[in-house]
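Student: The structure is given below, and queries will be raised subsequently.
The values are calculated or read from the model by the stated rules, or taken from the named source; none is laboratory data. Since the structure is predicted, the reported quantities are computational estimates derived from the model, not experimental observations. Neighbour counts run over all protein chains shown; Cβ positions are idealised from the backbone, glycine included. Remember, those area values only see protein heavy atoms, side chains included, never the ligands or the DNA or RNA. Shrake-Rupley method; radii C 1.70, N 1.55, O 1.52, S 1.80 Å.
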Amino acid sequence: MKAIEVVNLVKTYGAGETAVHALKGVDLDVFESELLLLLGASGSGKTTLISIVGGILSATSGNCVIRGREIVGLPQSKLPKIRLENIGFIFQGFNLFPALTTQENVEIALDLKGVRGGKAKKRAAELLERVGLKEKLKTFPADLSGGQKQRVAIARALAGEPPIILADEPTAALDSESGRLIMDLLQELAHEQNRAIVVVTHDNRIFDYADRIVKIEDGRISKDESNEQTDAATWMAVPSASVNIPQTA
Amino acid sequence: MASLAIKNLFHEKVRLVVTLTGIVFSVILTAVQLGIFQGFIAASTDIVGKSNADLWIVSQNVTHVEQGVEFSESNLYKIVEIKGIERAEKQIVSLGAQMKKSDGSDEGITLVGSDLDGGMGGAWNIVEGSLEDLKKPDAIFVDKLYAESKLGITKIGQVVELNKRRARVAGFTKGIRIFTSQPAVFTSFKNAQSFLNMREDETLYIVIKAVEGKNLDELKSEIAAKLENVEVLTRSELVYRQGIYWVIGTGAGITVLVAAALAIIVGIVIVAQTIYSATVDHIREYGTLKAMGATNFYLYRIIITQAIVSGLIAFVIGISVSLVISRISLEGTLAIIVNWQLVLALFVLTILMCCGSSVVAIRKATTIDPAMVFKG
């Protein structure tokens, strides 16, 4: 079943001669239980694409259907609820709240869903236990490693039980081992919990985790193949300038 | 939500101190400048404001009580039969008296003469001596503020020369300021008449206490109908006239007023800048919350909670410091009056300034470039 359906999506920033055409008619379906890698060079339009799919940026034209609901053209006031009910975000920079402990970082996501007090504390502890951070409930983000921070971010993204997770370079700031742990987690979430997961990445170490790899170039989808069809070497053409860690064999 | 708002505020101590310092400075600046302005108002109007009289009869076109023109005391007898009047007394307030100092030079004083049995228009804040002492011939009360520094008066019993007549210090008042910075000297009506060489059948003012519950406007009209060439004013009307003359009509008052207005503007700018910076510092977190599904209302509540908590803490610190400054100032010549009305007004102003500033910052938070949250 389709979790995300994008049809002829266009996004233009500005107007006239200075207009920037970030997306020039993108078509993309993402299914439940699928882990999709979205590749592209800087400025190719991948951030714009996940911003629109995530309901935090409006498209110029086209369609974007999230679990059966069209979001293009919806008023801004309706989008927070769509995000809250359907989408969990994982960011390259983790975007944790430095003033809150790991448990409180997860609780804030539950607070948005209306879950508070003891129930929220218990649920946050369960989620952190699930990502292997049971011992770090009262630790502040500053005292965590990069991998641990990203696991807190995953626990936070899962707090609302979203059927779709959008992850932006989740392994870029991590060492190989931490990156593998994160991808194991995301793969488990896709395959065992039927979530649709879109990972924007430059990191060719994680290609093996993908069910499908989609490449976006100059605002258009240039390649869309299942991992079985894919020859990993052909994807290496993706610029890797922003990969922050040494590539593993 | 409240947890994030409060914890964000207290997480970075340096930023908190910077934020609070900005608001505290703003509160103190505004409180002190408005306190000085209140001090000027009090100095220019207290002689009337604290007179305990409901109505004042003054010579026509008097702009301020210190320069009234004599009129016949027969006016007093024309109105005593009016039923709404409980008591009417003659009163003198004059800037035109000089006291001889020990070095032979003269110092201008503000002389107030009142009916000591009536309790209207006389001395207040008496710290030494009694009204009975003041009834004696030539007896005067001097305010301590300038008694020693300007007049060389240090003790009860000291004999001085007032308008070339002998006067004897019978007591002291404390903290009574006159707009012109002249020392305030109180005496009986008779003594004042004598010091000013006035005719015995003349007065400068008549002060009136109305029967309780009597409509003052009606009483004013009844009195005015019986008199000619004088004006009848309520105490608040004369206070207003005094304030306008001294505060608006003189350069000094305007200067203080402008300084007070500037202090409010500077205060608003400081608070706005401080709160805005504190909010913008967390802009990425607000962007993350938005991406997570927070509504703009949710963000408003966080930002406004932080602004109000910052404002409350800073207000308590700022107003405490201002009250100490005010207390110290009351011992000196420049009165900074921070009364409860000013404290209340500043409290409301501080909270409004903080909330208003955060509203500007909220616009920034709710119109965040969405791609920002994806940048590493």
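Student: Please find, within segment B:272-303, the residue that is farthest from the other protein chains (Cβ to nearest Cβ) out of those that are within 16 Å of A:Leu112 (Cβ to Cβ), of a type in the set (S, T, N, Q) and assigned to a helix (DSSP H, G or I).
Tutor: Result: B:Asn296.
Student: Out of (1) under 19 Å from B:Leu204 (Cα atoms); (2) open to solvent by 20 Å² or more (accessible area, probe 1.4 Å), what's the single condition that is false for B:Asn125?
Tutor: (1)
Student: Also, quick follow-up: Filter segment A:59-93 down to residues that are within 9 Å of chain B (Cβ to nearest Cβ) and either assigned to a strand (DSSP E or B) or farther than 17 Å from A:Arg195 by Cα (or both), then give me how many there are.
Tutor: 11
Student: Taking the options B:Ser358, B:Ser322, name whichever one is in contact (Cβ under 8 Å) with a residue 24 or more places away in the chain, in contact with a helix residue (DSSP H, G or I) (Cβ under 6 Å, 6 or more places away or on another chain), more than 27 Å from A:Pro80 (Cα to Cα) and not acidic (Asp, Glu).
Tutor: B:Ser322
Student: Here's something else I'd like to know. Any chance segment A:160-172 includes a residue that's away from chain B (no Cβ under 14 Å), open to solvent by 10 Å² or more (accessible area, probe 1.4 Å) and modelled with pLDDT of 90 or more?
Tutor: Looking for residues that are away from chain B (no Cβ under 14 Å), open to solvent by 10 Å² or more (accessible area, probe 1.4 Å) and modelled with pLDDT of 90 or more, one finds none in segment A:160-172, hence no.
Student: Out of all the residues in segment B:39-46, is one or more more than 14 Å from chain A (Cβ to nearest Cβ) and farther than 30 Å from B:Glu86 by Cβ?
Tutor: Within segment B:39-46, one or more residues are more than 14 Å from chain A (Cβ to nearest Cβ) and farther than 30 Å from B:Glu86 by Cβ.
Student: So for segment B:204-214 (the condition being assigned to a strand (DSSP E or B), modelled with pLDDT under 90 and closer than 13 Å to B:Trp56 by Cα), does at least one residue qualify?
Tutor: Scanning segment B:204-214 turns up no residue that is assigned to a strand (DSSP E or B), modelled with pLDDT under 90 and closer than 13 Å to B:Trp56 by Cα.
Student: Ok, one more. Scan segment A:40-58 residue by residue and report those that are over 17 Å from A:Ala3 (Cβ atoms), touching a residue at least 12 places away in the same chain (Cβ under 8 Å) and within 12 Å of chain B (Cβ to nearest Cβ).
Tutor: Residues satisfying the conditions are A:Ser42, A:Gly45, A:Lys46, A:Thr47, A:Thr48, A:Ile56, A:Leu57, A:Ser58.
Student: Out of B:Glu66, B:Glu107, B:Glu86, report the one residue that is touching a residue at least 24 places away in the same chain (Cβ under 8 Å), closer than 25 Å to B:Leu55 by Cα and either surrounded by 15 or more Cβ atoms within 10 Å (Cβ to Cβ) or in contact with a Ser or Thr (Cβ under 7 Å, 6 or more places away or on another chain) (or both).
Tutor: One residue alone meets the criteria, B:Glu66.
Student: Test A:Lys136 against the criterion of being more than 10 Å from chain B (Cβ to nearest Cβ), open to solvent by 50 Å² or more (accessible area, probe 1.4 Å) and without any contact (Cβ under 8 Å) to a residue 12 or more places away in the chain, and give yes or no.
Tutor: In short, no.
Student: I'd like to check something: does segment B:33-53 contain any residue that is open to solvent by less than 20 Å² (accessible area, probe 1.4 Å), of a type in the set (Gly, Ala, Ser) and more than 30 Å from B:Ser320 (Cα to Cα)?
Tutor: Within segment B:33-53, one or more residues are open to solvent by less than 20 Å² (accessible area, probe 1.4 Å), of a type in the set (Gly, Ala, Ser) and more than 30 Å from B:Ser320 (Cα to Cα).
Student: Let me ask something additional. Being open to solvent by 60 Å² or more (accessible area, probe 1.4 Å) and part of a helix (DSSP H, G or I) is the filter here; which residues of segment B:326-342 pass it?
Tutor: B:Arg327, B:Ile328, B:Trp340, B:Gln341
Student: Moving on. Search segment B:1-36 for residues being out of contact with any Lys or Arg (no Cβ under 9 Å at 6 or more places or on another chain) and among the small types (Gly, Ala, Ser), and hand back the single one that is nearest to the other protein chains (Cβ to nearest Cβ). Quick ask: steps written out before the conclusion?
Tutor: Residues of segment B:1-36 out of contact with any Lys or Arg (no Cβ under 9 Å at 6 or more places or on another chain): B:3-4, B:6-8, B:10-36.
Next, only the ones that are among the small types (Gly, Ala, Ser) stay: B:3, B:22, B:26, B:31, B:35.
On the way: B:Ser3: 6, B:Gly22: 20, B:Ser26: 25, B:Ala31: 31, B:Gly35: 37 Å.
Residue satisfying both the conditions and the ranking: B:Ser3.
Student: Check A:Ala124, A:Ala109, A:Ala153 and return the single one that is in contact with a strand residue (DSSP E or B) (Cβ under 6 Å, 6 or more places away or on another chain) and farther than 30 Å from A:Asn8 by Cβ.
Tutor: Result of the check over A:Ala124, A:Ala109, A:Ala153: A:Ala153.
Student: Which of the residues spanning segment B:204-259 are farther than 21 Å from B:Ser94 by Cα and hydroxyl-bearing (Ser, Thr, Tyr)?
Tutor: Hits for segment B:204-259 are B:Ser221, B:Thr255.
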